Amino acid sequence: MLHDRLDLDLWRGEVLGVVGGSGSGKSVLLRTIVGLMEPEAGSVEIFGEDIRALGDERLREIEAGWGVLFQDGALFSSLTAAQNVALPLREQLALEPPLLDEIAMLKLALVGLPGDTAPKYPAELSGGMRRRAGLARALALDPRLLFLDEPTAGLDPIAAGAFDTLIRDLRLSLGLTVFMVTHDLDSLIAICDRIAVLVDKRLIIGTMTELLHNPHPWIQAYFRGPRGRAALGEGGGQAVG
Amino acid sequence: MHADEAGFDLQAEGDALVLRAAGRWLVAAAEGLDRQLRQLDAVAAGTRLRIDLARVDRLDTVGAWLVLRTRRDLEARGVVAAIENVAADFAPLLEQVARSEPPAPEQREAGPFDAVLAALARLGENTVDAVLEARGLVGFFGIVVVTLSRTLRRPARLRTVSLVTQMERTGVSALPILGLLSFLIGVVLAYQGADQLRRFGAEIFTVNLLGVGILRELGVLLTAIIVAGRSGSAFTAEIGAMEVNEEVDAMRTLGLDPIEVLVLPRLFGLVLTLPLLAVYADFMALFGGMLMSWAVLGIAPPLFLRQLHTALGEWTFWVGILKAPFFAATIALVGCHAGLMVSRNAESVGRLTTLSVVRSIFLVIIIDAAFSILYAQLGI
């Protein structure tokens, strides 16, 4: 068993960061929430509705109301970046092709991709660009709720920082609620309102300040380790002495 | 969604026009809004136009973009446009979209010969592709031969475990399907042959037809086609999936030669296995033919075997089996080459797998025809 009696509420408009050791089931939690995996017990409610009790049609409506960014983007490799972004729009809405193209270009521009990325295939894009194109696809239908699975993993610090800024800006302007699995301490500090820590099959949830005072050894090791101190700006060198 | 709730009306107020947007300016309403907003093309240059957003209930990125695009298009035509009464909630969104507004798409009129030109361009592309691919295959054959000669000098480098695995997968597991199909082909051939030859009272020559037809051509050709479908496709898909996963690149960085590790065991495995499979197919087809001759023509097995013995020349069996290693090498090379050609997307695995099967069957039949000419020249 990976999770035991988890209890998690995501509030409207907040950015929640989920952290935990390797194999603690962060991604499994995300996949369960978006309905890719079935929980053995318990329920998942989204916008106040139990997703497992919903009919197909209502479920599809709900799915159109959220966006999911997988690790490394999960772009469809046989479609160009612009076609990837246009796909959910084309499936959900009846739009004329020229308008569809313009909206796809807008979405790519929103996530900071230059216009010449649009006709490129995922294999021709760098990791950071794929991630951004994946985000553009997740945002295609202007969802209110966004799930991100390790959005900054494997990006260089500049690209990761830019991604953080992007999420923060989009959240302000689009009023997004964000559920973000991440290991990036800088992201946690920069954009997360609350942090949920998966330890001992449970979730410990709190703001950064609350968690820093949590006595749990794993949490202390995570936030008070050399990298945590560096990210918190406590000056690694001094603390060692 | 309430697509019909979004809209605007245009009124003259003093010397200016006022566009009052109302309702939910969301992506779901984009189609209708886009069409309506195109009517603004009629607004004359020099007019002052105010875009009033006071009555907009909801706005998303596409709605915001439509507002901004309208202003941009109007300004480009010399209309003095301004956006006003933006709700506090919408201000950051408009700002964000304005910052990243994509440039206006380039409009290009379709020329009258576009379709013809596109068809010609495609024809040219396909021709160049075909030539390049043929050259690639020949080049690949060369690389394999070079690697092969290097490996044969140090036979210890031959990967025996991999070789045996390949032989099992391409050979042993093909036995049931190949046996069944060959048996049925033998049955069908005997039945059809008997039907025709009976008219001349020459039923006994059904045995000659079976023996020569199966041993010289059908047995080995059938085997090659089934193996191309079963194993050639598997080679492409396996190596292609590794290529997608960057495993082949990883192999190169570890100092392993993909040709040696991936191609040679498959090539050797198939060259050793296919002749054996062909012998088995010959046997099963003759067995099917023998049973059918017994049932339809009353030619008992001892008589069948005696007639078969007189029907077959010294070379009949070898003429068929000699072709098997060539077919095997063709199938393995085409399959592995297609696998290594896979680019990093899922579609290319499927496309190249199909291509590999079609191409190897095509080449097998071409080679078979070449052998027929060769044998005719040699008089066997």
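The values are calculated or read from the model by the stated rules, or taken from the named source; none is laboratory data. Source: prediction; values computed, not measured. In this analysis, Cβ positions are derived from the backbone assuming ideal geometry, glycine residues included, and neighbour counts consider all displayed protein chains. Each accessible area value is taken on the protein alone, full model and side chains, heavy atoms only, with ligands, DNA and RNA left out. Shrake-Rupley method; radii C 1.70, N 1.55, O 1.52, S 1.80 Å.
Brief remarks follow.
- Shielding score for A:165-177, defined as the mean number of other chain Cβ atoms within 10 Å: 3
- Cα long-axis angle, helix B:264-297 against chain B (0 to 90 degrees, to the nearest 10): 60 degrees
- Over the stretch B:141-378: Kirkwood hydrodynamic radius from C-alpha pairwise inverse distances, Å: 19.2 Å
- Peptide A:113-119 has a mean shielding of 1, counted as Cβ atoms of other protein chains within 10 Å of each residue's Cβ.
- The mean of 1/r over all pairs of different alpha-carbon atoms in chain A, once inverted, gives a Kirkwood hydrodynamic radius of 19.0 Å.
- Residue mean of other protein chain beta carbons inside 10 Å, A:100-109: 5
- Length-normalised contact order for the stretch B:7-100 - Cα pairs under 8 Å, 6+ apart - percent: 31 percent
- Counting only the Cα atoms, the stretch B:4-54 fills a convex hull of 74 Å³ per residue.
- Once the 1.4 Å probe is applied to the protein heavy atoms, the protein assembly as shown comes out at 50 Å² accessible per residue.
- Relative packing of peptides B:273-285, B:144-156 - highest average C-beta neighbours within 10 Å first: B:273-285, B:144-156
- Potential extension, B:F205-B:M251 segment - 0.36 nm per residue separation minus Cα distance: 10.8 nm
- For the stretch A:76-142, the spread of Cα positions along the three principal axes, ordered from largest to smallest, is 32, 23, 18 Å.
- Ranked by how many other beta carbons lie within 10 Å on average, peptides A:6-14, B:187-195 from highest: B:187-195, A:6-14
- Residues losing 20 Å² or more accessible surface upon assembly, the stretch B:78-96, compared with the chain by itself, 1.4 Å: B:P92, B:L93, B:Q96
- Helix B:175-198 axis, angle to chain B major axis (alpha carbon atoms, nearest 10°): 60 degrees
- The A-B contact accounts for roughly 2000 square angstrom of buried accessible surface, both chains included, probe 1.4 angstrom.
- Cα→Cβ-extended label distance, 7 Å offset, between B:V188 and A:F47, nm: 5.7 nm
- If R0 equals 25 Å, the separation of the Cβ atoms of A:D116 and A:D72 corresponds to a calculated FRET efficiency of about 0.70.
- Computed over the stretch B:55-213, the range of Cα coordinates on each principal axis works out to 99, 58, 38 Å, biggest value leading.
- Taken along the Cα-to-beta-carbon direction at a fixed 7 Å, the label points for B:E13 and B:V116 span 5.6 nm.
- Accessible surface of the protein assembly as shown, 1.4 Å probe, proportion on carbon and sulfur as whole %: 60 percent
- Principal-axis tilt of helix B:233-244 within chain B, Cα atoms, nearest 10 degrees: 40 degrees
- Rounded to whole Å, sorted largest first: equivalent-ellipsoid semi-axes of the stretch B:7-100, Cα gyration tensor: 20, 14, 13
- Sequence-distant contacts, meaning Cα pairs under 8 Å at least 6 residues apart, place the relative contact order of chain B at 17 percent.
- Kyte-Doolittle at least -1.0, axis length at least 15 Å by Cα - qualifying DSSP helices, chain A: A:81-92, A:97-110, A:127-138, A:157-174
- Charge dipole (the stretch B:217-349, unit charges on Cβ, about Cα centre) - positive-most of B:A332, B:L262, B:Q307: B:Q307
- Net charge of the neighbourhood of B:W318, taken over other residues with C-beta under 13 Å away and scored Lys/Arg +1, Asp/Glu -1, is 0.
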